[in-house]
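S.K.: First the structure, then my questions, so here it is.
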Amino acid sequence: MKSVPASGNCEKREPMRITVIGTGYLGATHAACMAELGFDVLGLDIDPMRVAALSEGQLPFHEPGLPELLKRQVKSGRLRFTASYQEVGAWGDVHFIGVGTPQRAGEGAADMSFVDAATVSLARNITKDALIVGKSTVPVGTTRRLKTLVEDNKRHGVTVTVAWNPEFLREGFAVVDTLTPDRIVIGVESLEDEAILRKVYATALAGGVPLISTDFETAELVKVAANAFLATKISFINAFSEVTEVIGGDIRTLADAIGLDARIGRRFLNAGIGFGGGCLPKDIRALQARAAELGVDRSMRFLDEIDAINLRRRERAVDLARVMLGSLAGCNVAILGVAFKPNSDDVRDSPALDIANRLSDEGAEVWIYDPKGNLNAALRSPQHHYAPSTEAAVKNADLILLLTEWEEFVSLTPEVLSAQTGTRKIIDGRNILRAHEWEESGWSVGSLGRRHSVGAVR
């Protein structure tokens, strides 16, 4: 891609055109936000039904604030969608790749086939100087490998360079995280490519967002290192919750106390059923797999235990249910919240859905209500009953499990729930209820890591 003419040069230059390859959660968000920043944007997906839906301003997933932004930018004409690599290659100046990197079947490593295919197809169809920018979470070393793929597949006489710009989106806050991120990281090999990305993110940079410009490898590692650290912090407090359950301590008070240390901080120190979703679990496993390939597997060996602690929390929730009911066979169990986190409909590697499946495997009839996640959960686990409301889910329950901290569940009171169900047994899988108030109202409360826990593992 040619550099911007110097001041005083009368050569007319077209505005920068941006394309986004892959319109899943990451790609659709990035495309809409780039249009919101004033760029002309063309999103590409190989699924024609998704292209048609997005072209009508319809999202295939739940993300607060994004539907309104998408519809506004489609209507403005700044945002379009296509299934044609030929159209994208001829039109765009900066091409963002946002396709998925799922865990490879039967392995811990990331499946790079989608990124590779998108890169090759794009390179073969680019007809003018351009910059390809990866945003997907990838194993370290990917950018240099893709650079070779681009060189081997691009058209003669066309200059195509590669950069990496990892995303740091939090589901439920993706629009804010894209428009006003806490940092922008880019891996580049030239000042020209850095200048192009500075222009892309000019609005955020003008607002004081820090930019870190570095090499390919460091840019790739920043994202996986961040996710590994967050996973470690969550599993750290859950490991201590296993101790407080035995000795009769209160994990929430412990977290409050150590969280006041500025070096530690309180965020992500919430004991419960653990983390899930489409990022943290697969990313820590992919990091371990890549470290093994590089011969430094001992450096990431601690992530094995992080993963194990996380999975044990799910087992512990089922243990509590078994203790509170005596036997799960033939019992009606209500689950409030099945998305892996609130403000999302994502049930990928959801601890809550895994717990529901385990309860069902032991003979329980499971009734699920999630404000946004019912449909996706039903597609993955159709054996459960899916209720349209809290009241419908708990009506005939013998036990209730609160597993996702949606605001409507956080605000529940024992009086309100008592009027909707005959049971007085609840498991607080996220440690969000005031257990003593519920117990004073006649409820038995099972919690993970607090003195109110029932049947601590010994």
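S.K.: For the chain, what ratio Rg/Rh do Cα atoms give with a Kirkwood hydrodynamic radius?
M.R.: Rounded to two decimals, Rg/Rh equals 1.02.
S.K.: So how do 26, 269 line up by other beta-carbon neighbours within 10 Å, fewest first?
M.R.: Starting with the residue having the fewest Cβ neighbours, the order is 269, 26.
S.K.: Okay, moving on. If you take the square roots of the eigenvalues of the alpha-carbon gyration tensor of segment 79-232 and sort them as a ≥ b ≥ c, do you get rounded (a/c under 1.5), prolate (a/b over b/c) or oblate?
M.R.: Oblate, since a/c reaches 1.5 and b/c is not below a/b.
S.K.: Enumerate the calculated ³J(HN,Hα) couplings along segment 434-439 in order (Karplus 6.51 cos²θ - 1.76 cosθ + 1.60, θ = phi - 60°), each rounded to whole Hz, writing x wherever the residue is Gly or Pro.
M.R.: Coupling constants for segment 434-439: 7, 4, 5, 5, 5, 5 Hz.
S.K.: Turning to a different aspect of this structure: Size of segment 28-103 along its principal axes in angstrom, Cα-based, largest extent first?
M.R.: 33, 30, 20
S.K.: Let me ask you something else. Could you go through segment 260-267 in sequence order and give the Karplus-derived ³J(HN,Hα) for each residue, using 6.51 cos²θ - 1.76 cosθ + 1.60 with θ = phi - 60°, rounded to whole Hz, and x for Gly and Pro?
M.R.: Values per residue, Gly and Pro as x: 6, 6, 4, 6, 9, x, 8, 5 Hz.
S.K.: Take residue 418 and residue 61, extend 7 Å from each Cα along the Cα→Cβ direction, and tell me the distance between the two endpoints in nm.
M.R.: Going from the residue 418 label point to the residue 61 one covers 4.1 nm.
S.K.: For 331, 279, which order do you get if you count the other beta carbons within 10 Å of each Cβ and list the fewest first?
M.R.: Details: 331 21, 279 25.
Arranged by neighbour count, lowest to highest, 331, 279 become 331, 279.
S.K.: Rounded if a/c is under 1.5, else prolate if a/b is larger than b/c, else oblate: which is segment 120-198, with a ≥ b ≥ c the root eigenvalues of its Cα gyration tensor?
M.R.: Numbers: a/c = 2.15, a/b = 1.88, b/c = 1.14.
Prolate shape, in that a/c is at least 1.5 and a/b is the bigger ratio.
S.K.: Continuing with this model, one more query. Could you put 395, 154 in order, starting from the residue whose Cβ has the fewest other Cβ atoms within 10 Å?
M.R.: Neighbour counts put them in this order, fewest first: 395, 154.
S.K.: For residue 81, what residues show an amide H to amide H distance below 5 Å, using hydrogens built from the backbone and excluding near sequence neighbours?
M.R.: 43
S.K.: Using the Cα centre of the chain as the reference point, and only Cβ charges (+1 on K/R, -1 on D/E), how large is the resulting charge dipole? Debye, rounded to the nearest 20.
M.R.: Taking the Cα centre of the chain as origin, the dipole is about 500 debye.
S.K.: Hey, how many Å between the Cα centroid of segment 245-296 and the Cα centroid of segment 178-211?
M.R.: When both Cα centres are located, 29 Å separates them.
S.K.: Does segment 297-454 come out rounded, prolate or oblate by the C-alpha gyration tensor, with a ≥ b ≥ c the root eigenvalues, rounded set by a/c under 1.5 and, if not, prolate when a/b is larger than b/c and oblate if not?
M.R.: Working: a/c = 1.56, a/b = 1.30, b/c = 1.20.
Judged from the Cα gyration tensor, segment 297-454 comes out prolate (a/c at least 1.5, a/b above b/c).
S.K.: Follow-up question, since we're still on this one. Whole-Hz Karplus ³J(HN,Hα) for segment 385-393, in order, using 6.51 cos²θ - 1.76 cosθ + 1.60 and θ = phi - 60°, x for Gly and Pro?
M.R.: In residue order, the calculated couplings are 8, 10, 9, x, 7, 4, 4, 5, 6 Hz.
S.K.: Same structure, new question: Assigning unit charges at the beta carbon (Lys, Arg +1; Asp, Glu -1) and nothing else, what dipole magnitude in debye, to the nearest 20, does segment 17-214 show about its Cα centre?
M.R.: Magnitude of the dipole: close to 280 debye.
Laboratory data are not the source of any read-out in this text; all were calculated from the coordinates shown. All values reported here derive from a predicted model rather than from experimental measurement. We place every Cβ from the backbone using ideal geometry, glycine too, and count neighbours over all the protein chains shown.
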